[in-house]
1. Under a Cβ-only charge scheme (Lys and Arg +1, Asp and Glu -1), can you give me the dipole magnitude of the chain about the Cα centre, in debye to the nearest 20?
2. Would you list which lysines come within 16 Å of LYS59, measuring only between C-alpha atoms, while excluding same-chain residues fewer than 8 positions from it?
3. So how far apart, in nm, are the two label points at ALA5 and ARG98 if each is 7 Å from Cα heading toward Cβ?
4. I need the peptides 196-206, 68-78 ranked by packing, meaning the mean over residues of other C-beta atoms within 10 angstrom, with the highest value on top.
5. Would you kindly state how much longer the chain becomes between ALA165 and ASP54 on full extension, computed as 0.36 nm times their sequence separation minus their alpha carbon distance, in nm to one decimal?
6. Exposure proxy check: ASP54, ASP109, ASP243 ranked by fewest other beta carbons within 10 Å?
7. Give me the number: length gained by fully extending SER207 to ARG73, i.e. 0.36 nm times residue separation minus the C-alpha to C-alpha distance, one decimal in nm.
8. Report the calculated FRET efficiency for ALA230 and GLN113 (r = Cβ-Cβ distance, R0 = 35 Å), to the nearest 0.05.
Amino acid sequence: MTRLAGRVAIVTGAGRGIGVSYAKRYAEEGAKVVCVDVLDSQSTVDTIKQAGGDAIGVKADVTDAKAVAEMARVAVETYGKIDILLNNAALFANLERRHFMDIPSEEWDKVMQINTRGVFECIRAVVPDMRKREYGKIINIASGTVFKGTTGLCQYVASKGAVVAMTRVIARELGPDNICVNALAPGMTLSEALAERDFYLNSSTPSTRAFKRHEYPEDLTGAAVFLASADSDFMTGQCMVVDGGAAMH
Ligand SMILES: NC(=O)c1ccc[n+]([C@@H]2O[C@H](COP(=O)([O-])OP(=O)(O)OC[C@H]3O[C@@H](n4cnc5c(N)ncnc54)[C@H](O)[C@@H]3O)[C@@H](O)[C@H]2O)c1
């Protein structure tokens, strides 16, 4: 499988959770992968290298414009270019579920800062390099909650709704540069942090799907490869929902 042979991909939030699966799959498909996180992503890098792939880790906060400029600089210095940006880093797994009336305003700001402005900053950091080759693939991780109006996470759902909206604007603004900008909206997925919590393990979400089972990170990686590969070169501004057929939009 080498659908991304010769490509260089940045995956944010690759230190744990679903981001690890995206990074591993991109490497399996032949991409050189820059694994970015506020956490240490060395274990992701090691796993990729042990499997014969090529990756480096960069520690960066996606909300810090200087840190993500450095992320892009290191990617270009190491691998010569940036073809793919997968904006996966976000605050999600550790958020407490509560009525919107009970969400502290500071938490609202923090979620919007990381989940929405973080995407904006990372895109702005990679676009100058993509423009040089008039080619690029930007994939923003949204969420099926936007289409379902999932309760208990108003700040999170709003932040991901903004990601869908931003994807459409930036897709139009980068169309002349031949850069694709799409969103991928997972359903509730048993990433490592969620798989430890009874709330998610016992959730009724699987019963709302056409496919009545839990969703796992590996259910998402094929769509992430499609959106990063030449197979989706005439597709932009779209939001692909991968949730086993719960939200249909
Ligand atoms: N798991 C689900 O059910 C689900 C459903 C829909 C969408 N998503 C989205 O998928 C993505 C991954 O989800 P997950 O379950 O693996 O979450 P997670 O919380 O386990 O992983 C998120 C990663 O992002 C990193 N991160 C957080 N803030 C950062 C920052 N400021 N700078 C750099 N890195 C930062 C974290 O350190 C972590 O490694 C997120 O965008 C999430 O919103 C998840």
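We did not get these values from a lab; they are worked out from the coordinates using the rules stated. None of these values were measured; they are calculated from a predicted model. Here the Cβ is made from the backbone with ideal geometry for all residues, glycine too, and neighbour counts use every protein chain on show.
1. Numbers: 28 positive and 30 negative charges, 93 e Å.
Result for the chain is approximately 440 debye, rounded to the nearest 20.
2. none
3. Inter-label distance under the simple model: 5.3 nm.
4. Values: 196-206: 11.8, 68-78: 18.2.
Top of the packing list down: 68-78, 196-206.
5. Numbers: separation 111, 0.36 × 111 = 39.96 nm, distance 3.33 nm.
Full extension of this stretch gives 36.6 nm more.
6. On the way: ASP54 15, ASP109 11, ASP243 25.
Final ranking by Cβ density, sparse to dense: ASP109, ASP54, ASP243.
7. Numbers: separation 134, 0.36 × 134 = 48.24 nm, distance 4.53 nm.
Separation in residues times 0.36 nm, less the Cα-Cα distance, equals 43.7 nm.
8. Computed FRET efficiency for ALA230 and GLN113: 0.55.
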